[in-house]
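A.B. asks: Got a structure here, written out as structure tokens. Questions coming.
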Amino acid sequence: MQLLKTGVVIAAILLGSSAALADTIETVDFTFSDPNAGNLSASGSLTVDLTTDQALSGSGTINSSLFVGSDGMTPLGTLNMSLVTSSNIGHNGVDSMGGFLWQDSDGTNLQADTFLNPTAAPGSLVDSDGLLFAVGTPNAGGHYASFNFYYQNGVMYGDFLGNGGPPGQGQVYAENITGSLTITPVPLPATACMLLTGLSAVGVLVRRRKSETN
């Protein structure tokens, strides 16, 4: 009986720890699109701390027919992108005004932060600085192209800047575009897995107890 009680306690601890994590850290999917900007489409996933409304990390892809190389003709296709945060700005940025300044590959210093409230109304998901992503591969100076989406006066805007060339010699693919942003919570399978692990442990202990009794 003591073994059974121990098993129940273990299962409860596993479930409680998993539930507590799910209550504070959440993974969400996002999509940003604007059919008037070369059918621009950006999507990916973000890890969010719900206690502070801060995006901790994220990655995704972006594509648009406007994204062409420095020759003005060669399509760049779908590009990978990763969320820029104050912890990974490197030599490209500095902390500033509750967020950070980050220089992309066309020499633009962008103000951004990591505020994200996935449960808020559409006009309050991000703030006026918005989330910033490093796109593609860096140029010789270590600077990336950038994608930034943000809300101003209830309108969702997006900017895609830089072509991987030297700072100051990049191009604007799409700036001040008015797109739509969708945030969708992703179920955490770890919760179910940890619960099943705990229940399985209880089952083993019960069988062992019965075996010893017999």
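A.B. asks: So how many residues does the stretch 110-144 have that are assigned to a loop (DSSP other than H, G, I, E, B), of a type in the set (Gly, Ala, Ser), farther than 19 Å from ASP49 by Cα and at pLDDT 85 or above? Can you show your working first?
C.D. replies: Narrowing the stretch 110-144 to residues assigned to a loop (DSSP other than H, G, I, E, B): 113-114, 116-121, 125-130, 136-144.
Subset that is of a type in the set (Gly, Ala, Ser): 120-121, 128, 130, 136, 140-142.
In the following step, the residues that additionally are farther than 19 Å from ASP49 by Cα were identified as 128, 136, 140-142.
Next cut, at pLDDT 85 or above only: 128, 136.
So the answer is 2.
A.B. asks: Hey, can you tell me all the residues within the stretch 182-191 that are surrounded by fewer than 16 Cβ atoms within 10 Å (Cβ to Cβ) and at pLDDT below 70?
C.D. replies: In the first step, residues of the stretch 182-191 are kept if they are surrounded by fewer than 16 Cβ atoms within 10 Å (Cβ to Cβ); the result is 182, 184-187, 189-190.
Residues satisfying the conditions are PRO189, ALA190.
A.B. asks: With respect to SER87, is the statement that it is loosely packed, with under 14 Cβ neighbours inside 10 Å, under 18 Å from the mean Cα position of the chain (by Cα), free of Cβ contacts under 8 Å to residues at least 12 places away in the same chain and not in a strand (DSSP E or B) true? Let's see the steps before the verdict.
C.D. replies: Details: loosely packed, with under 14 Cβ neighbours inside 10 Å: yes; under 18 Å from the mean Cα position of the chain (by Cα): yes; free of Cβ contacts under 8 Å to residues at least 12 places away in the same chain: yes; not in a strand (DSSP E or B): yes.
Yes, satisfied.
A.B. asks: Another one. So if I check each of GLY179, GLY107, GLY170, which one is at pLDDT below 90 and either surrounded by fewer than 18 Cβ atoms within 10 Å (Cβ to Cβ) or charged (D, E, K, R) (or both)?
C.D. replies: Values: GLY179 fails: either surrounded by fewer than 18 Cβ atoms within 10 Å (Cβ to Cβ) or charged (D, E, K, R) (or both); GLY170 fails: either surrounded by fewer than 18 Cβ atoms within 10 Å (Cβ to Cβ) or charged (D, E, K, R) (or both).
The unique qualifying residue is GLY107.
A.B. asks: If you go through the stretch 99-141, how many residues are of a type in the set (Gly, Ala, Ser) and in contact with an Asp or Glu (Cβ under 6 Å, 6 or more places away or on another chain)?
C.D. replies: Looking only at that region, the number is 2.
A.B. asks: May I pose another question? State yes or no: is ASN148 among the polar types (S, T, N, Q), part of a strand (DSSP E or B) and modelled with pLDDT of 90 or more? Even if it seems obvious, please write down each step before you answer.
C.D. replies: Working: among the polar types (S, T, N, Q): yes; part of a strand (DSSP E or B): yes; modelled with pLDDT of 90 or more: yes.
Yes, satisfied.
A.B. asks: Further question on the same structure: Which ones in the stretch 46-57 are of a type outside the set (D, E, K, R) and out of contact with any Ser or Thr (no Cβ under 6 Å at 6 or more places or on another chain)? Steps first, please.
C.D. replies: Start the filter on the stretch 46-57 by keeping residues that are of a type outside the set (D, E, K, R), which leaves 46-48, 50-52, 54-57.
Hits for the stretch 46-57 are LEU46, VAL48, THR52.
A.B. asks: Let me ask another. Here's a check for you: in the stretch 54-73, which residue that is outside any strand (DSSP E or B) and out of contact with any strand residue (DSSP E or B) (no Cβ under 6 Å at 6 or more places or on another chain) is nearest to TYR157 (Cα to Cα)?
C.D. replies: Of the residues in the stretch 54-73, the ones outside any strand (DSSP E or B) are 64-67, 69-73.
Keeping just the survivors that are out of contact with any strand residue (DSSP E or B) (no Cβ under 6 Å at 6 or more places or on another chain) gives 65, 69-73.
On the way: SER65: 18, GLY69: 23, SER70: 24, ASP71: 27, GLY72: 24, MET73: 25 Å.
For the stretch 54-73, the residue satisfying everything is SER65.
A.B. asks: Please go through the stretch 43-77 and pick out each residue that is farther than 18 Å from ILE177 by Cβ, touching a residue at least 12 places away in the same chain (Cβ under 8 Å) and not small (Gly, Ala, Ser).
C.D. replies: Listed by number, the residues that qualify are LEU46, THR47, VAL48, ASP49, LEU50, THR51, ASP53, GLN54, LEU56.
A.B. asks: Select from the stretch 32-50 the residues that are at pLDDT 95 or above and of a type in the set (Ser, Thr, Tyr) and list them in ascending order.
C.D. replies: The answer is SER43, SER45, THR47.
The values are calculated or read from the model by the stated rules, or taken from the named source; none is laboratory data. Since we're looking at a predicted model, the values are computed, not measured. Neighbour counts run over all protein chains shown; Cβ positions are idealised from the backbone, glycine included.
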